[in-house]
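Written below as structure tokens is the structure these notes are about.
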Amino acid sequence: MISIIMRIRNEMPWLKYTLRMLKAQDNQDFELICVDSGSSDGSFELLQEYHPDILYRIEAGDYIPGKVLNEAIQHAKGEYIVFNNADCIPLDRSWLQKLIAPMQNDPSVVAVYANQLPRPDAIPMVQKDYERAFGDGKISASWRHFFSLASSAVRRDIILEHSFNNDIQYSEDIEWSWRMKSLGYQIQYVPEARVEHSHNYNLKQIKKRYLGEGKAEAYIYRDYYREHPGDLSFFRSVVLAATMETLRDFRYLARQGKIGWFPKAKIYRFAQRYYAFKGRTSASSSRAKLAVSCLAFDEGKSGISDYTVNVVRELLKREELVLLIHQSDLDLFPIKDPRLGYYIVPERIKRPIVSMFWHLYILPGIVQKQGWEKLLLPAGNRRLLSRYPIPTVVTFHDLSQFHICGKYDAFRMFYIKHIIPHYLKKAGTIFAISESTKADMIRFYKMKPQQIAVNYNGYDPQKLEADIPQKDFVSRFGITGKYIFYLARIEHPGKNHLNLLKAYEMLAQEIKDEYELVCAGGKWNNAEVVVDYHSRMKDKDRIHFPGFVQGAEMAALYKKASLYVFPSLYEGFGLPLLEAFAAGLPVICSDRSSLPEIGGAAVRTFNPEQPSEIAQRIQEVLCDPPLQLQMIFLGKERLKDFSWSDHAKKILESWQN
């Protein structure tokens, strides 16, 4: 089945011809969904007589193209969704079938667009433009990008997953198709599917349309213009572009015997290029730009990378962002959004020492030159600036190095103890992610309490929605029964796996017979100490180290566990606590750093340096089902105090204040 969506506003007389040709199509397996936005010329009354499957009206002032289309799509039932403007008149009975045929024949094609022929009354410049844009498609294929929604079709599953932009007033089709192209999807031109469609614009209409399209273009191609700022110059955008187009007009008019149109063509082209230029430059100069440093992304395998992804996701709901990121990390960054721009930092700067100094002394100049207006440093305990040319928010996670001996070498300890505090105190707004971290900053960096605000992390409920079938779970992890779960990188001594292994050895035999131990996480500093101890354990076959996990695998490990244990010697926050609460697990954790603060009444704590105490807490909870239920309930209640939305809101409010 096909769903045809038609937008209408004062489309007479063309609408009656379009409806007539829809009724004449050989393929009648379609529903017609019509959205009228305040017609006053009889269009709406004609539609009522035609009896489309769905017909509704919206106020003219409520018309935002992408928003209207997204709402109409929610009514659609067809496998393919066809968009056809009310004034796009199909030129034969097979238009509909020809249009969707490429998608039926090739699953890789996600969208198509039809061949538009100008109306008989089209002025010569419009006729030439349509021949170049459509025709055999060879000319437009050489352009940076081209697509037209006026008569087009998409796969329903694709448009539901990748909807139109709800905010831009013009070029919603170009924005969507450019986004699809950037994601690797295939869009095909169908020259044999022909419609009649064109408009003759006067100067007032040209001004309105090209100003709007210019503003939209500045948004759509923002990354391109950032890399090619010369293309925004008046000379290239107006003088050169209008001259080249006028020369093409001259050749076309001469061939058509209509050279008398040439004086008008010069004005027509200059007006088009000038107002598009005004739109692009006004949008580029007025849009607020928030930059986020992602140079401590750790290939997506650390708590800071989790933090960065969640904060970026929330900030994107409110405004456009620019990520400072290495290409290798961009390939791993899970959010792909048209509102995300990128400043690619060379890979050679990724080495820790080089990155530290580049961030401190080179990045401030780049920030100033790029014209960004706000800056977020999501890993302030690792990367700062020597000076802050724009309002900057720093998130500080922890000072674990002061609590865990030998975590870093002498140079990095010097950097953390002396360089970081010196430049941290210059930052405008500093957030600690817990009271525990704030207390450490006051103690070790001699900062004043009023310099630091606490902004708790949130948690992502969607992170645990995925799952994998039981058969695949057993095949991947080799786990068939109940188990105790711990998710942390294998880092010794900080994450304290060694004492957890020793505690497991101390459990009563009946507990070990019923519950295995799963320690998920990639290998980090001194992981070999943990691996070596595990290899010599009597119970080693009951203990699983599946390595780094994410997505559905991570969610499945949480949801199928019986108990979450968090023995870390130090945490700045402890996101896995919240994830375990969300998964409905009872949680026991270390009595150190932030963990008792974040867990509150929902957790039972232990001394992480005493394996016997860890073992005692494990047995207490596993042997007491009513206690487990109480802890699960309190965990769900505790979750209500943590939200990424609230966290991002505090960040934005700090700039406003």
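The values are calculated or read from the model by the stated rules, or taken from the named source; none is laboratory data. Everything numeric in this text was worked out from a predicted model, so none of it was measured. Quick reminder, even Gly has a Cβ in these numbers, built from the backbone with ideal geometry, and neighbours come from all protein chains shown.
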- Query: With respect to the numbered conditions (1) modelled with pLDDT of 95 or more; (2) closer than 18 Å to Arg156 by Cα, which one is the sole condition not fulfilled by Met1?
  - Reply: (1)
- Task: Evaluate the following for Ala561: is it touching a helix residue (DSSP H, G or I) at 6+ places or on another chain (Cβ under 6 Å), within 24 Å of Met631 (Cβ to Cβ) and either in contact (Cβ under 8 Å) with a residue 40 or more places away in the chain or of a type outside the set (Phe, Trp, Tyr) (or both)?
- Result: no
- Query: Does Ala508 fit the bill of being of a type in the set (A, V, I, L, M, F, W, C) and surrounded by fewer than 17 Cβ atoms within 10 Å (Cβ to Cβ)?
  - Reply: yes
- Exclusive hit being in a loop (DSSP other than H, G, I, E, B) and in contact (Cβ under 8 Å) with a residue 60 or more places away in the chain, set Ser152, Ser163, Ser148: Ser163
- Query: Can you tell me which residues in region 20-34 are within 24 Å of Ile64 (Cα to Cα) and surrounded by fewer than 21 Cβ atoms within 10 Å (Cβ to Cβ)?
  - Reply: Glu31
- Select the helices (runs of 4 or more DSSP H) contained entirely in region 181-269, then report the ones holding at least 3 residues which are touching a residue at least 60 places away in the same chain (Cβ under 8 Å), outside the structural domain of Leu15 (by TED's automatic domain parsing) and more than 37 Å from the chain's Cα centre (by Cα). 241-256
- How many residues does region 640-652 hold that are surrounded by 18 or more Cβ atoms within 10 Å (Cβ to Cβ) and either closer than 26 Å to Leu563 by Cβ or in contact with an Asp or Glu (Cβ under 6 Å, 6 or more places away or on another chain) (or both)? 3
- Task: Mind telling me which of the residues Pro334, Pro346 ends up being surrounded by fewer than 18 Cβ atoms within 10 Å (Cβ to Cβ), over 21 Å from Trp176 (Cα atoms) and not assigned by TED's automatic domain parsing to the domain that holds Ile220?
- Result: Pro346
- Every listed condition ((1) touching a strand residue (DSSP E or B) at 6+ places or on another chain (Cβ under 9 Å); (2) free of Cβ contacts under 8 Å to residues at least 40 places away in the same chain) holds for His75 save (2)
- Query: In region 532-544, what count of residues is obtained for those that are outside any helix (DSSP H, G or I) and either surrounded by 15 or more Cβ atoms within 10 Å (Cβ to Cβ) or within 41 Å of the chain's Cα centre (by Cα) (or both)?
  - Reply: 3
- Message: Which count do you get for residues in region 150-200 that are touching a Pro at 6+ places or on another chain (Cβ under 7 Å) and among the hydroxyl-bearing types (Ser, Thr, Tyr)?
- Response: 1
- Taking into account only those residues within region 87-122 that are within 13 Å of His197 (Cα to Cα) and among the aliphatic types (A, V, I, L, M), which is surrounded by the most Cβ atoms within 10 Å (Cβ to Cβ)? Ala114
- Quick one: which strands (runs of 3 or more DSSP E) lie wholly within region 545-613 and hold at least 3 residues that are at pLDDT 95 or above, of a type outside the set (Gly, Ala, Ser) and surrounded by fewer than 17 Cβ atoms within 10 Å (Cβ to Cβ)? none
- Determine whether Ile490 is in the same structural domain as Phe414 (by TED's automatic domain parsing), touching a Lys or Arg at 6+ places or on another chain (Cβ under 9 Å), closer than 25 Å to Cys405 by Cβ and among the hydrophobic types (A, V, I, L, M, F, W, C). no
- Task: Among the residues of region 545-573, write down those that are under 24 Å from the mean Cα position of the chain (by Cα) and either assigned by TED's automatic domain parsing to the domain that holds Pro334 or at positive phi (or both).
- Result: Gly551
- helices (runs of 4 or more DSSP H) contained entirely in region 363-427, each with at least 2 residues that are aliphatic (A, V, I, L, M) and closer than 27 Å to Gly300 by Cβ: 363-370, 420-424
- Query: Would a scan of region 292-310 turn up a residue that is under 11 Å from the mean Cα position of the chain (by Cα) and under 24 Å from Ile174 (Cβ atoms)?
  - Reply: no
- Task: From (1) surrounded by fewer than 19 Cβ atoms within 10 Å (Cβ to Cβ); (2) in contact (Cβ under 8 Å) with a residue 12 or more places away in the chain; (3) of a type outside the set (Val, Ile, Thr), pick out the condition that doesn't hold for Trp143.
- Result: (2)
- Query: Quick check: anything in region 229-247 surrounded by 14 or more Cβ atoms within 10 Å (Cβ to Cβ), in contact with a helix residue (DSSP H, G or I) (Cβ under 9 Å, 6 or more places away or on another chain) and under 17 Å from Ala122 (Cβ atoms)?
  - Reply: yes
- Task: Write out, first by first residue and then by second, each pair whose Cβ atoms fall under 7 Å of each other, whose residues are 6+ apart or on separate chains, and whose first residue, in region 309-337, is under 24 Å from Ile362 (Cα atoms) while the second is of a type in the set (D, E, K, R) and part of a helix (DSSP H, G or I).
- Result: His326/Glu347; His326/Lys350; Gln327/Glu347; Ser328/Glu347; Asp329/Glu299
- Any chance region 368-379 includes a residue that's buried (at least 16 other Cβ atoms within 10 Å of the Cβ) and basic (Lys, Arg)? yes
- Message: On the basis of being surrounded by fewer than 17 Cβ atoms within 10 Å (Cβ to Cβ), modelled with pLDDT under 95 and in a helix (DSSP H, G or I), does Glu620 make the cut?
- Response: no
- Message: Which residue is surrounded by the fewest Cβ atoms within 10 Å (Cβ to Cβ), if the candidates are limited to region 35-47 and must be touching a Lys or Arg at 6+ places or on another chain (Cβ under 8 Å) and either within 20 Å of Gly78 (Cα to Cα) or hydrophobic (A, V, I, L, M, F, W, C) (or both)?
- Response: Leu46
